[in-house]
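Reviewing the structure listed below.
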Amino acid sequence: MYHYNLAFVLVGMSDQVVSIFSHLLPLERFTHDVKGFASLADIPAGTEWPLNTFVILNDETDWSIRLFKERFGGKARLILCTSHADKLEASVLNQMYDFWPWPLSDTFAQLEAVRLQKRIKDEKDAWMNNQYLDIITEMLPDLMWFKDMPGCHLRVNQAFCEAVGKTKEDVTNQYHGYIWGLSGEEAEYGEAVCRASELAVAKAGKTCHSEETVYHSKRGLCELSILKTPVYDENHEIIGTVGIARDITKEKEAQKQVLELANSDALTGLHNRHHFYQRLRNRRKGESLTLCYIDLDHFKYINDTYGHKVGDETLVAVANLLRKSFPKAFITRMGGDEFVVALFGVNDRKEIKARMEFVMNAMKEFFKSDERMRTLAMSIGIAKSENEEADLDMLLQQSDEALYWSKEHGRDQYTFYDEILNELQRFKEHVRHERRITEE
C-alpha cells in the first residue's frame, strides 16, 4: 500500500563506502538515492530533500549542528561516524538517529547499510501497522480497548470515549472504576469483576464472550455484547487483553417484543396457553402451585346480543380486573372466556378464599356498572397441589372439574376441588347413569 523514497547523503566518506550504499538492493516498497559530499559546506543551500533523508556524516569533517540544520532543515536524520561518542555534547546527541564508530571499515559499512535499511523498513512497517489499527478502531461503531493484565486501559477508540463521556487523554492509563465514574464499594466491586474477567480470558487462552449492562453517557442504560481475547508477547506470555463491545440494546428489546408476542394473548395481553404450559412446567423446584380456573357465565349472551366488539371489550376489562386482583400471579387466557390464575407459594386456604371473594366482588361491581353486562357472572374452580411435585395436567383437570361443579350448582361461585371430591365422584356416576338411560 505504501511506497517510500529514501535519500542517503554521505558526507566525508570514501568512494568505496559511497559505492556500497549505491549498490544496495532496495527493499520491498522502498527506493533510494545516494549522494556523496566532501563536507556539509559542499551541499548546495536550499536543496529540497525528501522527508526520509538520512545523513551519514564523518565527525572529522568541518561541520556543526547549526550548519546541519541550515542544509537539511528538520527533515533529515543524522548518523554520526565518530571516534569519541562518549564526549559528544547533549545538543549533538539530541539530533542523532544513530552513531557508528570511526574509522568506518568497508565491511562494517556493508553490514550497517543493510541493517539501516531493515531498521528503516521495520519502523515504517510499524508506523503503517499503527495507522491501520487506528483507522480500523476508529471506523468501528463498537467500543474497543486494549488493557494490560492489571486492568489499565492502554488504548481506546472514540466510540469507547463517547460511551464513558471522557476524552482519550483522560481515559488512557486509567482503570475501570475511574473511567466509568464509579466510587467507593461500587468502584472496588467493578474493578474486581473486571480483574476476574481478564483472568478468565487469560486462563481460557482464547476469545471469550459475555454480556454486561452499563450506563452510556448519551444513551443511558445499554446492553453490551463483549468479546475479549488475550494479547501475547514474543515469548507467548499473556500481557493483556483486547476487547470489543457492541451495543445490543435494540436487539434485546426486539427479542423481548417478539417473545412477548409469542407468549401473549393478542386481545387481552395476558399470557397465552402455550406460555402457560411452558412457564408452569418449568417452575422452580419446590414451588407449590394453586390453579384457579375461571369461566364467565352467560358470556355467549353478550356476544349474541351486542356483538363481538362488546364481547372483546368485556374480555379485556375482565383481564385488567384479574391483573389488579392478582398482581403477583401468572394469569392466562386459555381461550374464549376461560382464564387461569396460577398462584405460586400460596398454601393458606383462608388467604385463597379471601382473594376469591375479592375478585368476585370486584367483578360483580364491574358487571353492574354496565347495563349490557348485568347478566354476567363468574364461576371458579380451584385445585391446590398437595405436594411440590404435583402433575400440571392433573392439577389443571382438577381445577376444570371444580369449575364444572360451580357451574352445575348455581354458577357465580368458587369451588375447591378437594372439598367436593366425594360428591364429585357421585355426581359423575349419576351423569353416566343418566346417559345410559337416555341411550337405551
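Below is a table of values for the structure above.
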{"item": "Of Glu169, Glu89, Glu408, the one that fluctuates the most in a GNM where the chain has Cα springs shorter than 10 Å", "result": "Glu89"}
{"item": "Rg/Rg_ref, the stretch 4-135, where Rg_ref = 2.2 N^0.38 Å and atoms are Cα", "result": "1.06"}
{"item": "Least to most buried among Lys384, Lys407 (fewest other Cβ within 10 Å first)", "result": "Lys407, Lys384"}
{"item": "Inverse of mean 1/r across different Cα pairs in the stretch 1-69, Kirkwood, Å", "result": "13.0"}
{"item": "Cα-based radius of gyration of the stretch 140-251 once divided by 2.2 N^0.38 Å, which approximates compact folds", "result": "1.02"}
{"item": "Kirkwood Rh and Cα Rg combined as Rg over Rh, evaluated for the chain", "result": "1.37"}
{"item": "Per residue, the convex hull volume that the Cα atoms of the stretch 264-439 enclose (Å³)", "result": "131"}
{"item": "The chain: relative contact order as a whole-number percent, Cα under 8 Å and 6+ apart", "result": "8"}
{"item": "Where N is the number of residues in the stretch 41-114, Cα Rg divided by 2.2 N^0.38 Å", "result": "1.11"}
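Each value in this text was obtained by applying a stated rule to the coordinates, not by laboratory testing. As the structure is a computational prediction, the values presented were derived from the model and not from experiment. Note: ideal-geometry Cβ built from the backbone for every residue, glycine included; neighbour counts use all protein chains shown.
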